[in-house]
Amino acid sequence: MFKKYFLNILGFVVIMNIYTASCIYRIARIYSLKGTMYDIGEGLMIKRKRIAVIICNIFHPCQQKILKGLISQAHALNYDVAIFTMFMNFDEETGYQYGENHIFTLINYDLFDAVIYVPCSIEKHALRESIEHDLAEKCKAPVIALEYEHPDYHMVNVDDTAAFEQVVSHLIEKHQLTEILCLTGFEGNLQAEARLQGYRNAMENHGLSVREDYVIYGDFWINAANNLAEKLAAGKLEMPEAVVCVSDFVAITLCNRLIELGVRVPEDIIITGFDASKDAANNVPSITSYSRPLADMGMRAVLLANRLLTGEECEPIAIDNGLLVPAESCGCKEDFSLKFHKHQQEINTVTNYQDLFQTSHMAESLNSSTTLNQCLFKIVNNMYLIYGIQDFYLCLCDQWDDYEKGEANGDAYMDYTDTMRLRISCMDCNAKMVDQAFDRSELLPELFENSEIPRALYFTPLHFNERCLGYTAIGYGDNLITFDELYHSWIRYINNALEFVRIRNIFNSMHQRLYMASIRDTLTGIFNRKGFRRYSAEAFQRALETGKKLLIIAADLDNLKSINDNFGHLEGDNAISVFANALNTCFENDEICARTGGDEFFAIGCSDYTDEKIKQYLNYIEQYLDRYNKSSNKPYLVEASIGYICRTITEKDALQQLLDEADGYMYANKVARKKNRT
């Protein structure tokens, strides 16, 4: 109990600190933007331009650098940013991946002044084709593509040729190497060819010839690296002094496989990578690499969008030239003090939140929710687990839990609905549960409009496998951070919890329908004996508590056996249904009607009955049957014997005793009617 209390207090303190820092920044920001966004004297807001970003793999440091540069430059120019992305990014045909990919169908391009597209971050070729089809058909705004040549897009890229040349030059000048092999990516790929050209330039500028058998096209993953390692270790290819690889992932794979095969790095061969990823720094041995100026590319993409929209030339908010990062794989020493300090910062900002997350029991808490509102309330209570969060919105498809959208009709639940519902709205750490319907084309009600300073929101999917549940949007205020894998786990818990609620609702609905069927008479639709037993007890208790009169009517269909014997059971069923309708339609005060036996009926109610009202009920039944008998052309009459009681009851009364009393009056009426007929 103390631990749970401590975690909640800690989460509250963290959010309040974020909120306080945000407020201080916001005050300064408002005045710095005077005349751009606000006229402080009049409080008039000018509409801010928006940029949409299509990107994947934002757990990867490369995409994170791009986004930090992009967002910082956009904020400096007073642009809002909406990043559309997903968590899982594989070239595979699974229900889960389909649910992830669907976030890109959400984009309403009419809302944005420019689009920045990062196709190299998207693994699935078919998904890229789908996105580019939508861009061609639906997007009227300029599209800026990063490191991707396309006739309809404006391209921004990094000078990988010059950067790769620096890596090769380091090996030649620092380590006096001459026999260097280049393992690049796919032939024809923009990045692969640019990096290969940098290798050629460095060799030629230093007067070294390029051996064509030392130029190898491969991929950006493991296959080409493993194949090269096998050939080098087996002597099928002459061992070079060094291999410069197209990416860190390729370099790590090659390095580790060579070591497994008995080749020492860097003593027998030097390996370098490209991108300066965290995996390269943490590998043993650490991989010499190059930190590409990706933040600069993000900034230049925004500057290009701004120039296309306004004609203005602006300077980048920061300088990012990229740099060589020497490490153990080329024999250089690392700056361990810098690495240690950076690692300590990561521990302080990330590990503490991971510990909080692991001990929060969020999954169990969410999955115990019996209603959607309960689930949403628990989601809000667990927002403190996300580092840096300031804005959060959760939108669900309209009728997202409709059980009729079953597996047989996949299209019914695999798309966002035209009407969406905002269920959680959190801005500047002020979270509230709402239920606001809005048009899907709006993305969010009042998108970005209430913010005093520019904002960046990450739109991610909510789904259970291919079933589309909705989407979320998260923002970090002025912090230039992207969501991490902890947020992915947090969202997956929410996905699973929503599916639990949906399935629970289905079971509850089915149970209710089965129960209602069990207490209804299948022939007449009115209650059966079981249903009457339940609801008559409720009416009796209500009459006892309120002091109102209790009405009980007992009825018995006359001559049912004779109708069955002479005209068949279908006609007998017809007679039963006719009387049930007469009894069920005569009342005005929510009385309960039931068929308690083959030809036996009861009705019960609690109200301020008068003698005139009771007479009205009985006359209605009699007149209903008279009208039917005159117009039905049946060879028999539908008639019934009726008895009733109507009075105020006390604690001394028992329900069964009152039912028996009404039944006794009915029996007396039946005897009298039979005597009269005789």
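Brief remarks follow.
- Among residues of the stretch 547-564 being in a helix (DSSP H, G or I) and open to solvent by less than 80 Å² (accessible area, probe 1.4 Å), the one that is farthest from Ile642 (Cα to Cα) is Asn564.
- Filtered residues of the stretch 633-646 (kept if surrounded by 14 or more Cβ atoms within 10 Å (Cβ to Cβ) and assigned to a loop (DSSP other than H, G, I, E, B)): Lys634, Tyr636, Leu637, Val638, Glu639
- Residue check, Ile604 of a type in the set (Val, Ile, Thr) and not in a helix (DSSP H, G or I): yes
- Residues that are of a type in the set (Asp, Glu), modelled with pLDDT of 90 or more, over 20 Å from Asp110 (Cβ atoms) and open to solvent by 40 Å² or more (accessible area, probe 1.4 Å) within the stretch 391-424 comprise just one, Asp398.
- Filtered residues of the stretch 487-536 (kept if without any contact (Cβ under 8 Å) to a residue 60 or more places away in the chain and of a type in the set (S, T, N, Q)): Asn495, Asn508, Gln512, Ser518, Thr522
- Taking strands (runs of 3 or more DSSP E) as the structural unit, those lying wholly within the stretch 195-279 and holding at least 3 residues that are open to solvent by less than 10 Å² (accessible area, probe 1.4 Å) correspond to 242-245.
- Which numbered condition Ile649 misses (of (1) part of a loop (DSSP other than H, G, I, E, B); (2) under 29 Å from Leu570 (Cα atoms); (3) aliphatic (A, V, I, L, M); (4) open to solvent by less than 80 Å² (accessible area, probe 1.4 Å)): (2)
- Taken over the stretch 119-139, the residue count meeting the criterion of being in contact (Cβ under 8 Å) with a residue 40 or more places away in the chain and either exposed (fewer than 15 other Cβ atoms within 10 Å of the Cβ) or not in a helix (DSSP H, G or I) (or both) is 2.
- Taking the listed residues Phe540, Phe459, Phe500, the one that is assigned to a helix (DSSP H, G or I) and either surrounded by 19 or more Cβ atoms within 10 Å (Cβ to Cβ) or touching a Gly at 6+ places or on another chain (Cβ under 8 Å) (or both) is Phe540, with no other qualifying.
- Among residues of the stretch 436-451, those that are open to solvent by 50 Å² or more (accessible area, probe 1.4 Å) and touching a strand residue (DSSP E or B) at 6+ places or on another chain (Cβ under 7 Å), counted: 4
- Condition check for Tyr617: touching a residue at least 12 places away in the same chain (Cβ under 8 Å), out of contact with any Pro (no Cβ under 8 Å at 6 or more places or on another chain) and assigned to a helix (DSSP H, G or I): yes
- Among residues that are among the aromatic types (Phe, Trp, Tyr), open to solvent by less than 20 Å² (accessible area, probe 1.4 Å) and more than 32 Å from the chain's Cα centre (by Cα), Phe104 is not included.
- Comparison of Ile259, Ile222, Ile216 shows that the only residue that is touching a strand residue (DSSP E or B) at 6+ places or on another chain (Cβ under 7 Å) and of a type in the set (A, V, I, L, M, F, W, C) is Ile216.
- Identity of the residue in the stretch 294-314, open to solvent by 20 Å² or more (accessible area, probe 1.4 Å) and touching a helix residue (DSSP H, G or I) at 6+ places or on another chain (Cβ under 9 Å), that ends up farthest from Val250 (Cα to Cα): Glu312
- Of the residues making up the stretch 280-314, just one is touching a Gly at 6+ places or on another chain (Cβ under 9 Å), in a helix (DSSP H, G or I) and more than 20 Å from Tyr148 (Cβ to Cβ), namely Ala280.
- Filter result (farther than 15 Å from Trp400 by Cα, in a helix (DSSP H, G or I) and among the hydrophobic types (A, V, I, L, M, F, W, C)) within the stretch 503-519: Phe507, Met510, Leu514, Met516, Ala517
- Per-region count, the stretch 503-524, residues at pLDDT below 90 and open to solvent by less than 70 Å² (accessible area, probe 1.4 Å): 10
- Only a single item in (1) modelled with pLDDT under 85; (2) over 20 Å from Arg492 (Cβ atoms); (3) surrounded by 12 or more Cβ atoms within 10 Å (Cβ to Cβ) is not met by Asn348, and it is number (3).
- Residue in the stretch 156-165 that is over 22 Å from Val243 (Cβ atoms) and at pLDDT 95 or above present: yes
- Filtering the stretch 97-118 to residues that are assigned to a helix (DSSP H, G or I) and under 22 Å from Asn57 (Cβ atoms) leaves Gln97, Tyr98, Gly99, Glu100, Asn101, His102, Ile103, Phe104, Thr105, Leu106.
- Sole exception among (1) within 15 Å of Ala473 (Cβ to Cβ); (2) of a type in the set (A, V, I, L, M); (3) surrounded by 18 or more Cβ atoms within 10 Å (Cβ to Cβ) for Met427, by number: (3)
- For the stretch 71-98, residues that are farther than 27 Å from Ile494 by Cβ and in contact with a helix residue (DSSP H, G or I) (Cβ under 6 Å, 6 or more places away or on another chain) total 3.
The values are calculated or read from the model by the stated rules, or taken from the named source; none is laboratory data. Since we're looking at a predicted model, the values are computed, not measured. Every residue, glycine among them, receives a Cβ derived from its backbone with ideal geometry; neighbour counts consider all protein chains shown. Ligands, DNA and RNA are stripped out before the accessible areas are found, and what is left, the full protein with its side chains, is counted by its heavy atoms. Shrake-Rupley method; radii C 1.70, N 1.55, O 1.52, S 1.80 Å.
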